[in-house]
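The block underneath contains the structure these notes are about, expressed in structure tokens.
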Amino acid sequence: MKHRNHHRKRLLLKSILIAAEILCILAIAICCIREQPRKSLGKAAAQMEIPEIAVSPPVSKEPQAPKTAPKKEIRFEPHCVPSTIPENMISSTEIEVDGTVLENIDEYTPDSEITFGLGKDYTKTEGIVTFRGNNFRDNAVYGTAEMKNYTLTGKWSHNTGSLTSGSDSWSGSGWTGQPLMSKWPKEMKQHINMYDWAKEKDDLVEVIYACMDGYVYFLDLESGEPTRESLNLGYTFKGSGALDPRGYPILYVGAGYNSNLGTAKVFVINLLDCSTMYTFGDNDTFSQRGSLSFFDSSPLVDADTDTLIYPGENGILYLIKLNTAYNQTAGTLSIAPGRTVKWRYSGARSNTQNYWLGMEDSAAVYKSHLFIADNGGHLMCLNLNTLHLVWVQDILDDSNSTPVLSVENERLYLYVSTSFHLGWRSSGTAPVPIWKIDAETGEILWQTEYECHSEEGVSGGVQSTIATGTNSLSDYIYVTVSKTENNAAGVLACLKKDSGEIAWEHKAGYAWSSPVCVYNTDGTGKVLYCSSDGNVYLLDGITGQLHSTLSLSEGVIEATPAVYNNCAVVGTRDCKIWGIELG
């Protein structure tokens, strides 16, 4: 029995060895087949299904960058709460479509739905295409500055002029007065009416500046030299205008006052030849402000629906289907404005003496919702696809401060302030709050107040747009407050985003100009702003330390600078456009 068991064990061991040998041969064969190109296999082998064998990747000795987590959707479900019910502040709204006023606003349906993404996704253009850069209105900066010594140096200047209409005279660049900038593609430049040297300069960045003398100036960012002949439209331009975010050579710019040529209106300019393709807005019978038709807002364009979105001081929001046709190779461009939708509103406290209807600031937009402040103390959230107001917040006074959107901890917030229009709330001084607001509900989360003075025609408070910090400055916002201690004084205030607490202040002449946050590649942030004392200041964004002061003007600077890499551009009321190096 013992011998038989031993024999069986030997047979079993032999069988195991034979099986192992066969498995080794099969493994070698599979490896050989895998090493051969498919085309070298025979027909039968080519049709064989060879199972994939999972192989662990080799371990790298170099540190591996962490995988980017998928972006979370921003929570955004706009709705009102008892304190922001639209009917608390707005008595009625109306819609006109292609000249016909709808009997019921619920009848309105869009041709196609408008939706915007995050501000950083508004344009791929190398430049600055609208006031404060994008649909979040969060900064007027392209690229990084690479500052080393944190100095400001005047590189160049270009003369502008003035325009007189009746008894009114306008000079240089005023509020908001931000320049636009674009690095046009080489192929496109061949069809633009630039000077030859400008067409041939590969790294040319063109500054496009609509000024109060009625001209649009075209300048080389590097040298300040004109890139083409200035365009005389004959109307005062206080606002910033906008370029088409799709990179099309189109300028949208609205007149801020009437001229000897007629009533103010919006111009749509073909920047290939500087021809006017379309105008609108003057003496609009749908307006509830008579013939007043000023346009200081900087518009937005919804690229997917080819829709121009333009608020007016006449109290109308325009949505115009452009039907744009552009062929870069052929150098042809046209628009054929089609369906035109107009939305207007009436405020419960508005009249011809105070709390006026009308929108001078620029709209911020996220997804299908537009946020805008007005002359009548309303901050409104409007659904662009239904044209129904979602919520309305009382912001007390005539506001020229564009609301700024900010994403914090996957939530959407607004920062905004207001001015002090003399005689509406007070004939002496009045509190001017700076607010953080929940963008979903319109509720005030915190407010920080300054007691401000004012003058007839030169309002105190906040006329500027708030700058929200990112990178090293991500905990702060920056706002210029005018006429704080007296009618000549003001502050740049740095406030903490989470609480509204004042981190630091810089006191100088009052400022209507909006501050700009500028960053190096490493994320180090500085704050640039202009003041009525004619100076430009550069400060540390965290400590408030003053790094540099540059005197540009004996008069006021009302305009807002734009920054492209290391160069800032701003205009002054004493008829100069300046290029400033950040060093």
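The values are calculated or read from the model by the stated rules, or taken from the named source; none is laboratory data. Since we're looking at a predicted model, the values are computed, not measured. Here the Cβ positions follow ideal geometry from the backbone for every residue, glycine too, while neighbour counts run over all protein chains shown. Calculation scope for accessible area: heavy atoms of the full protein, side chains included, ligands and nucleic acids excluded. Shrake-Rupley method; radii C 1.70, N 1.55, O 1.52, S 1.80 Å.
Only one entry in ASP498, ASP533 is assigned to a loop (DSSP other than H, G, I, E, B), in contact with a strand residue (DSSP E or B) (Cβ under 7 Å, 6 or more places away or on another chain), free of Cβ contacts under 8 Å to residues at least 40 places away in the same chain and open to solvent by 20 Å² or more (accessible area, probe 1.4 Å), namely ASP533.
Among the criteria (1) at pLDDT 95 or above; (2) buried (at least 16 other Cβ atoms within 10 Å of the Cβ), the one ASN139 does not fulfil is (1). Across region 295-308, which residue is nearest to the chain's Cα centre (by Cα) among those that are open to solvent by 10 Å² or more (accessible area, probe 1.4 Å) and within 15 Å of TYR252 (Cβ to Cβ)? The extreme case among them is ALA303. Of the residues examined, SER362 is not one that is modelled with pLDDT under 95 and open to solvent by less than 10 Å² (accessible area, probe 1.4 Å).
Yes/no matrix, rows are residues, columns are (1) under 23 Å from ASN135 (Cβ atoms); (2) of a type in the set (A, V, I, L, M, F, W, C); (3) open to solvent by 20 Å² or more (accessible area, probe 1.4 Å); (4) without any contact (Cβ under 8 Å) to a residue 60 or more places away in the chain:
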residue: GLU313; (1), (2), (3), (4): yes, no, no, no
residue: ILE316; (1), (2), (3), (4): yes, yes, no, yes
residue: ILE320; (1), (2), (3), (4): yes, yes, no, yes
residue: ASN323; (1), (2), (3), (4): yes, no, yes, yes
residue: GLY338; (1), (2), (3), (4): yes, no, yes, yes
residue: VAL341; (1), (2), (3), (4): yes, yes, no, no
residue: ARG344; (1), (2), (3), (4): yes, no, yes, no
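The listed residues are ALA373, ALA364, and the only one of them that is under 25 Å from VAL404 (Cα atoms) and in contact with a Lys or Arg (Cβ under 8 Å, 6 or more places away or on another chain) turns out to be ALA364. Candidates in region 325-336 are the residues that are open to solvent by less than 60 Å² (accessible area, probe 1.4 Å) and of a type in the set (Ser, Thr, Tyr); of these, the one that is farthest from VAL97 (Cα to Cα) is TYR326. Take the conditions (1) surrounded by 18 or more Cβ atoms within 10 Å (Cβ to Cβ); (2) in a loop (DSSP other than H, G, I, E, B); (3) over 23 Å from the mean Cα position of the chain (by Cα); ALA508 misses just one of them, which is (2). Looking only at residues of region 56-111 that are at pLDDT 95 or above and among the small types (Gly, Ala, Ser), we find that the one that is nearest to ILE395 (Cα to Cα) is SER83.
Among the residues of region 169-218, those identified as in contact with a helix residue (DSSP H, G or I) (Cβ under 8 Å, 6 or more places away or on another chain) and either among the acidic types (Asp, Glu) or closer than 12 Å to THR236 by Cβ (or both) are ASP202, GLU206. Among the residues making up region 119-136, those that are open to solvent by 50 Å² or more (accessible area, probe 1.4 Å) and over 9 Å from the mean Cα position of the chain (by Cα) are ASP121, LYS124, GLU126.
Looking only at region 469-481, which residues are open to solvent by 10 Å² or more (accessible area, probe 1.4 Å) and assigned to a strand (DSSP E or B)?
TYR476
Of the residues making up region 374-401, those that are open to solvent by 10 Å² or more (accessible area, probe 1.4 Å), assigned to a strand (DSSP E or B) and of a type in the set (A, V, I, L, M) are LEU389, VAL390. Taken as a whole, the structure places HIS369 among residues that are under 26 Å from ILE444 (Cβ atoms) and open to solvent by 10 Å² or more (accessible area, probe 1.4 Å). Answer yes or no: is there a residue in region 421-441 that is in contact with a Ser or Thr (Cβ under 9 Å, 6 or more places away or on another chain), under 24 Å from LEU550 (Cβ atoms), of a type in the set (A, V, I, L, M) and buried (at least 19 other Cβ atoms within 10 Å of the Cβ). Looking for residues that are in contact with a Ser or Thr (Cβ under 9 Å, 6 or more places away or on another chain), under 24 Å from LEU550 (Cβ atoms), of a type in the set (A, V, I, L, M) and buried (at least 19 other Cβ atoms within 10 Å of the Cβ), one finds none in region 421-441, hence no.
Residues that are part of a loop (DSSP other than H, G, I, E, B), open to solvent by less than 50 Å² (accessible area, probe 1.4 Å) and not acidic (Asp, Glu) within region 259-288 comprise THR263, ALA264, LYS265, LEU271, LEU272, CYS274, GLY281, PHE286, SER287, listed in sequence order. Name the residues in region 188-231 that are acidic (Asp, Glu) and open to solvent by 20 Å² or more (accessible area, probe 1.4 Å), would you? Result: ASP196, GLU200, ASP202, ASP203, GLU222, GLU225, GLU229. Scanning region 553-582 for residues that are part of a loop (DSSP other than H, G, I, E, B) and open to solvent by less than 20 Å² (accessible area, probe 1.4 Å) gives SER553, ILE557, ALA559, THR560, PRO561.
Here's the yes/no breakdown for (1) farther than 30 Å from PHE116 by Cα; (2) of a type in the set (A, V, I, L, M); (3) at pLDDT below 95:
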{"residue": "VAL404", "(1), (2), (3)": "no, yes, no"}
{"residue": "ARG411", "(1), (2), (3)": "no, no, no"}
{"residue": "ILE437", "(1), (2), (3)": "no, yes, no"}
{"residue": "TRP446", "(1), (2), (3)": "no, no, no"}
{"residue": "GLY461", "(1), (2), (3)": "yes, no, no"}
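Table: residues versus (1) touching an Asp or Glu at 6+ places or on another chain (Cβ under 6 Å); (2) at pLDDT below 95.
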| position | (1), (2) |
| --- | --- |
| THR307 | no, no |
| ASN327 | no, no |
| ALA336 | no, no |
| LYS342 | yes, no |
| ASN354 | no, yes |
| PHE371 | no, no |
| ASN400 | yes, yes |
| VAL407 | no, no |
